[in-house]
Amino acid sequence: LVRNGRTGSWGAAPLSLTEVRRIGVVDGDEQLQFHQIFDLAVAEDGTIYVGNNQTATVRVFSPDGRFIREIGGKGRGPGEYTMVNKVWLAGDGVAITDWQGGGKTGIYDRDGKLLHFWTARRPEGSTVFPAANTPAGWLASHTPPYAPRALAPGQPYTRVGYLYRFDTATNDITDSLIRLPGRTLYGSPDTHGLDWALFDPQTEMRVD
């Protein structure tokens, strides 16, 4: 029997949360039924964008929880996704990122019109994902090809990515800006490939 009190083992919680809006039903309106919400975003005016993996769409709700529209869809064509892994606000637009099947990102205006649709996988195996729309232009992360080597069990291998300027017209990267913290993997005793490091210490990245 485990009892979780209001005060944790390490002292009082650093913050408290208060529920201000609840959206969703078990039975009833399908627009209010969700499956595997990996991410959501809230705009400056309180509009809520919720990624729903079952339909591979983003459902848009008013600040008071009223359903407005649905954007995206399941499939492999432009504006279609396998999953909704990330929902984010990109300037005046809304972005959907799907990391499955090579990866893709769609940018929509606030009314749900598709503005841009980019695939991530490059012919040599690297990936380019748009990361932010800043006053200085678009940025994208670039990750080199996933190329496992013959490693002894437990031997480390570090993959390093970079942040570049992103050309929206060509779906390609230009100037290199920042070297991102590397992700360390280890030789697997079972697959003779690489295992993800589940317990690596978190790396802090600061840009001055």
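The values are calculated or read from the model by the stated rules, or taken from the named source; none is laboratory data. Please read these numbers as outputs of a predicted model, since none were measured by experiment. Don't worry about glycine lacking a Cβ; one is built from the backbone with ideal geometry, like all the others, and counts go over all protein chains shown. Areas reflect the complete protein model, heavy atoms only, side chains present, ligands, DNA and RNA absent. Shrake-Rupley method; radii C 1.70, N 1.55, O 1.52, S 1.80 Å.
Figures for the structure shown
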quantity	calculated
Per residue, in Å², the accessible surface of segment 61-186 once ligands and nucleic acids are set aside, probe 1.4 Å	51 Å²
Computed accessible area, Trp99, all protein chains, 1.4 angstrom probe, square angstrom	140 Å²
Separation of the Thr158 and Lys74 label points, Cα + 7 Å toward Cβ, nm	4.2 nm
Net length gained if the chain between Asp64 and Leu114 were fully extended (0.36 nm per residue, minus Cα distance)	15.5 nm
Projected label distance in nm at Glu30 and Leu180, using a 7 Å step from Cα toward the beta-carbon	3.6 nm
Qualifying trypsin sites (Lys or Arg not before Pro) for segment 108-137 [loop in DSSP, other Cβ within 10 Å: at most 12]	Lys113
Computed lengthening from Asp190 to Ser16, 0.36 nm per intervening residue step minus Cα-Cα distance	58.3 nm
